[in-house]
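Student: If you scroll down you'll find the structure; I have some questions about it.
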Amino acid sequence: MAENSILCSVSSLILSLFTLFSCLCGHGNSIEQLAGYNTFTISSFKYPETQIRPFDMRYIRVDLPPWFSSMSIALKSSVNLDIKSVEKVPKSALPMICFREGSLPLPDVSNTSFGELVALSNSSFEGTQVLQNSEQCYPVPRNMTMKLTNEQISARVFYFGLFNGVGPTRTQSKMIVRGPSYSFAANISVEGCITSSMQGQYCNQTVELLSCGLSRNNSGNGSASGFFNQSMLSCRNNFVTSCLGDEEMKIYTLEILRVAEFLTVSAENVRLRPVNNSGNSSGIDLMCFARYGAMPSATLHDFSGNLNKSPLVINSPKVGQWYISILALNLSKETGGSQSNVSKVCYSLELQELECPPGKAGPNCLSERYMLQTVLRKDSTPFESYFLPYGEKVMSDAANFLLEPLLSNYSFGGLNTWTYFILDIPHGAAGGNLHIRLTSDRKLNYEIYVRNGGLPSLVNWDYYYVNKTSNSHGSMFFALYSSSEEKADFYILYVREGTWTIALRNLNSTDGTSNRQTTMSVSLERCPKRCSYHGDCKSALDASGLTSYSFCACDRTHGGFDCSIEIVSRQGHIWQSIALIASNAAAVLPAFWALRQKAFAEWVIYTSSGISSGLYHACDVGTWCALSFGVLQFFDFWLSFLAVVSTFVYLTTIGEVYKRAIHTVVAILTALMAITKATRPSNVILVMAIGALALLVGWLIEFSTKYRSLSFSMDLCLNLLERRRIREWVNSLVKTIMKRFRWGFLLAGFMALAMAAISRDLENSQNYWIWHSVWHVTIYTSSFFFLCSKVISINSGNERPTDANYQLTRQDSLSRG
């Protein structure tokens with residue numbers, strides 16, 4: 001009775017839970033809805049709305065531990081581009097988002113075409129599409145929601161990069177940066193499985209951890225397997241026989257801790273159950289799928305094979321977590337077409353990992369292997385270092401070492417020898433560049449193969465160098481520099497974190513190395529080739545603050561990720577300098593007229609404005625800097641603002657006392673504008689507003705001093721005669737204004753001012769030198785025409801006009817007084 005009561009209670013509890021799930025989720029039988037109870041949130045980041053200016057970038061790092069199940073990304077931006085619009089936008093102005101595993105994306109070295117960009121923007125941002133290559137870029141969408149699972153991406157570091165324009169001009173220093181900015185906000189969360197033995201997207205797939213132990217140590221002259229001096233690790237599923245039905249899959253995992261020669265996966269004692277089954281186990285396909293760092297499947301895997309035919313051999317497997325899945329196929333066919341659920345295939349899974357002893361690697365463990373020790377550079381940026389072999393054979397404090405004493409002294413098959421160097425790129429240093437250089441006193445006799453996470457070979461490498469014409473030059477993150485027959489010099493850009501192996505293949509080992517002297521240098525540098533001596537190396541942190549990366553800020557004439565691309569030729573640079581500097585000679589026009597009219601204050605302002613603008617642009621284009629750039633920029637903008645307002649003030653006829661007061665106020669306001677944010681686009685409108693206000697104030701002062709005798713009393717307004725006098729006064733005022741200006745010059749001034757506004761509106765980073773030179777000429781010319789438009793009266797500013805109507809009105813007013 002007690003047992004029945006307990007069973008009833010358990011049944012009621014299960015039914016209640018099932019009902020609760022159904023109420024909360026709507027459909028309780030959905031695996032995805034129930035999966036949330038097997039997962040937990042590993043990390044969740046909310047990136048607030050951030051603005052990306054033209055040619056700017058932002059990086060975001062996400063760490064994915066081995067037990068993660070999925071990563072969700074929600075992105076919202078202000079970009080509003082459809083597929084047709086993308087084709088019309090140049091890459092230098094196209095907002096892009098890029099993805100990369102293990103290190104930061106660098107789209108400037110990518111050769112992605114516009115057609116590919118359009119195709120990618122039309123996709124649904126599936127993870128398998130994103131990670132088919134080492135880097136994938138898309139136009140930034142307005143809204144994006146993406147979920148990547150551990151069946152799609154590896155458990156490692158994942159990077160996002162957002163760019164506002166890519167290409168060689170992105171790193172070029174510009175005299176002006178104008179263009180559309182865009183903002184983005186993102187939510188990124190990483191979910192993980194509560195139990196390490198349950199993984200998959202919904203943490204509902206059982207994963208068995210394989211236990212490994214030392215099987216044998218071949219240290220004699222030979223062995224049955226033909227290998228020497230190796231340690232063989234054997235991994236099993238706790239010595240338990242596994243059984244699978246037709247199209248059933250079982251997943252295993254193991255972790256490779258050290259560099260291994262190969263990994264063999266085999267199935268032993270394959271048989272059918274029940275034992276009296278008449279089928280033949282030899283016809284069953286026991287498919288094995290292996291994948292590094294992520295869950296394998298029949299459609300997404302790194303290696304595959306039929307274990308019932310032959311073992312699966314993985315040469316030079318990467319260090320880290322491996323997943324093995326076993327899938328049984330054609331089981332019903334071999335059991336005579338029976339669909340009985342009791343028909344299963346059973347097997348014992350065994351994995352063998354071959355490891356060489358310390359200091360050895362390669363075929364038969366006869367090659368030399370050296371661990372490179374990290375040596376930090378003095379007074380350098382974070383993570384900048386060089387690597388030296390750790391051992392007694394290297395006794396040097398230099399950043400390079402002789403290669404010949406370290407080479408392997410055997411010839412495998414009488415053809416060549418291999419020597420391996422292993423180094424570690426620490427976490428957070430993915431924004432650095434791995435620099436490898438070999439220099440010999442005669443023709444270089446080595447091939448270089450580099451691989452992340454495992455030993456490289458002739459058929460398995462990430463980057464390689466044979467000679468100037470045969471190398472990884474077409475690879476996205478490989479940069480080859482001044483190499484020759486005696487020298488190999490290349491960079492691996494934004495190198496991935498983790499273990500790297502450099503393998504040297506000596507092509508002529510029988511010739512001896514006693515007469516050859518080769519120097520090898522391996523270093524981690526912040527900017528490749530020191531930005532080709534055409535820029536400065538800048539450092540920054542990603543949005544999470546966990547990764548330090550560097551980039552080149554090039555000069556005015558160069559661009560590219562390493563400033564090696566000449567964007568402006570030397571002759572073009574000379575013409576740009578001449579145009580921007582010489583166009584300021586137009587300031588002579590208003591300065592000359594002001595000096596002729598003895599307006600000395602205006603003459604000083606126009607002359608100083610032209611000189612300061614010429615000096616500023618001479619420094620801005622990189623020709624010559626008389627003072628610091630900040631000082632020159634301040635004086636250029638301040639005096640330009642002051643010259644514009646002074647033109648407005650000059651058009652008034654107020655006394656010098658009032659002019660000095662207005663000039664003082666204007667000088668203070670324009671100085672504040674120039675010192676705070678001189679290049680702000682709204683400053684042009686603000687300066688014009690200040691000038692118009694100064695002109696209005698000047699006219700009000702003139703009006704109050706010259707026409708203060710006019711009374712506006714109530715009695716006067718009611719008097720018909722006085723109303724007629726007011727009309728006469730207004731007509732006189734209009735005539736005075738018409739006679740005060742030369743309207744032809746005034747119209748020319750407005751036309752030149754309109755041309756200046758148009759030229760400023762047409763300015764961008766590419767044509768700045770043309771239209772800004774036009775701006776210099778037109779703005780100074782407009783000032784000259786405005787100055788010429790003013791009619792200079794013989795009388796002083798405080799005297800009354802000699803207009804007859806005015807005199808009659810004045811006499812009548814005096815008589816009434």
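Student: With label points built 7 Å along Cα→Cβ from the Cα atoms of Val313 and Phe592, find their separation and express it in nm.
Tutor: 9.0 nm
Student: Assuming 0.36 nm per residue, please report the length gained on full extension of the stretch Asp63 to Ala689 beyond their Cα-Cα distance. Walk me through the numbers on the way to the answer.
Tutor: Details: separation 626, 0.36 × 626 = 225.36 nm, distance 5.30 nm.
Contour length minus the Cα-Cα distance gives 220.1 nm.
Student: Right, another one. Over the stretch 565-621, with the other protein chains present, what is the accessible area per residue in square angstrom, probe 1.4 angstrom? Intermediate results must be reported in sequence, preceding the final value.
Tutor: Details: 2790 Å² over 57 residues.
Result: 49 Å² of accessible area for each residue.
Student: Taking the alpha-carbon centroid of each part, what is the distance from the stretch 175-190 to the stretch 661-699 in angstrom?
Tutor: 32 Å
Student: Okay, moving on. In the stretch 245-327, carbon and sulfur make up what percent of the accessible area (probe 1.4 Å)? Mind dumping the intermediate values first?
Tutor: Details: 1600 of 3500 Å².
Result for the stretch 245-327: 46 percent of the exposed heavy-atom area is carbon or sulfur.
Student: Taking θ as phi - 60°, what are the ³J(HN,Hα) couplings along the stretch 779-790 by the Karplus curve (6.51, -1.76, 1.60), each to the nearest whole Hz, with x for Gly and Pro?
Tutor: Per residue, the Karplus-derived 3J(HN,Hα) values read 6, 6, 5, 5, 4, 4, 5, 5, 5, 5, 6, 7 Hz.
Student: Taking 0.36 nm per residue of sequence separation and subtracting the Cα-Cα distance, how much length would be gained by fully extending the chain between Trp743 and Asp56, in nm to one decimal? Walk me through the numbers before you get to the answer.
Tutor: Values: separation 687, 0.36 × 687 = 247.32 nm, distance 4.78 nm.
Answer, rounded to one decimal: 242.5 nm.
Student: If amide hydrogens are placed 1.01 Å from N in the peptide plane, which non-local residues have theirs closer than 5 Å to the one on Ile567?
Tutor: Close amide H contacts, sequence-distant or interchain: His558, Gly559.
Student: Under a cut-off of 19 Å between alpha-carbon atoms, report the lysines in cross-link reach of Lys529, not counting same-chain residues fewer than 8 places apart.
Tutor: Lys378, Lys468, Lys487, Lys538
Student: To the nearest 0.05, how large is the calculated FRET efficiency for Glu485 and Leu257 if R₀ is 51 Å and r is the Cβ-Cβ distance? Each step should come with its number before you reach the end.
Tutor: Numbers: r = 41 Å, r/R0 = 0.80.
Result of the calculation: an efficiency of 0.80.
Student: What percentage of the solvent-accessible surface of the stretch 568-650, computed with a 1.4 Å probe over protein heavy atoms, is contributed by carbon and sulfur atoms? Write down the numbers at each step before the final one.
Tutor: On the way: 2820 of 3800 Å².
Its accessible area is 74 percent carbon and sulfur atoms.
Student: Rounded to the nearest 20 Debye, what is the dipole magnitude of the stretch 491-596 about its Cα centre when Lys and Arg each give +1 and Asp and Glu each give -1 at the C-beta? Write out the running numbers ahead of the final one.
Tutor: Values: 10 positive and 8 negative charges, 49 e Å.
Result for the stretch 491-596 is approximately 240 debye, rounded to the nearest 20.
Student: Ok, one more. In sequence order, what are the phi-derived ³J(HN,Hα) couplings for the stretch 283-290 according to the Karplus relation 6.51 cos²θ - 1.76 cosθ + 1.60 with θ = phi - 60°, rounded to whole Hz, with x for glycine and proline?
Tutor: Here the 3J(HN,Hα) series is x, 7, 8, 9, 6, 10, 10, 10 Hz.
Student: Checking the a/c ratio against 1.5 first, then a/b against b/c, what shape does the Cα gyration tensor give for the stretch 406-497?
Tutor: On the way: a/c = 1.82, a/b = 1.30, b/c = 1.40.
Oblate is the answer for the stretch 406-497, as a/c is 1.5 or above yet b/c matches or exceeds a/b.
Student: Whose amide H sits under 5 Å from the amide H of Leu366, counting only residues 5 or more places off or on another chain, with H placed in the peptide plane?
Tutor: Close amide H contacts, sequence-distant or interchain: Ala361.
Student: I've got another one for you. Taking the simple approach of a point 7 Å from Cα along Cα-to-Cβ for both Ile770 and Gln571, what is their distance in nm?
Tutor: Taking the simple label geometry, Ile770 and Gln571 are separated by 1.8 nm.
Student: Could you order peptides 301-310, 320-329 by the average number of other Cβ atoms within 10 Å of their residues, highest first? Intermediate results must be reported in sequence, preceding the final value.
Tutor: Working: 301-310: 16.2, 320-329: 21.9.
Peptide ranking by packing, descending: 320-329, 301-310.
Student: Something else now. Between Val604 and Asn269, what is the label-point separation in nm under the 7 Å Cα-to-beta-carbon projection?
Tutor: Going from the Asn269 label point to the Val604 one covers 10.4 nm.
Student: Right, another one. Pull up all non-local amide H partners of Gly431: gap of 5 or more, or a different chain, and H-to-H distance under 5 Å with H placed in the peptide plane.
Tutor: Ser548
The values are calculated or read from the model by the stated rules, or taken from the named source; none is laboratory data. Since we're looking at a predicted model, the values are computed, not measured. Don't worry about glycine lacking a Cβ; one is built from the backbone with ideal geometry, like all the others, and counts go over all protein chains shown. SASA here: full protein model, heavy atoms, side chains in, ligands and nucleic acids out. Shrake-Rupley method; radii C 1.70, N 1.55, O 1.52, S 1.80 Å.
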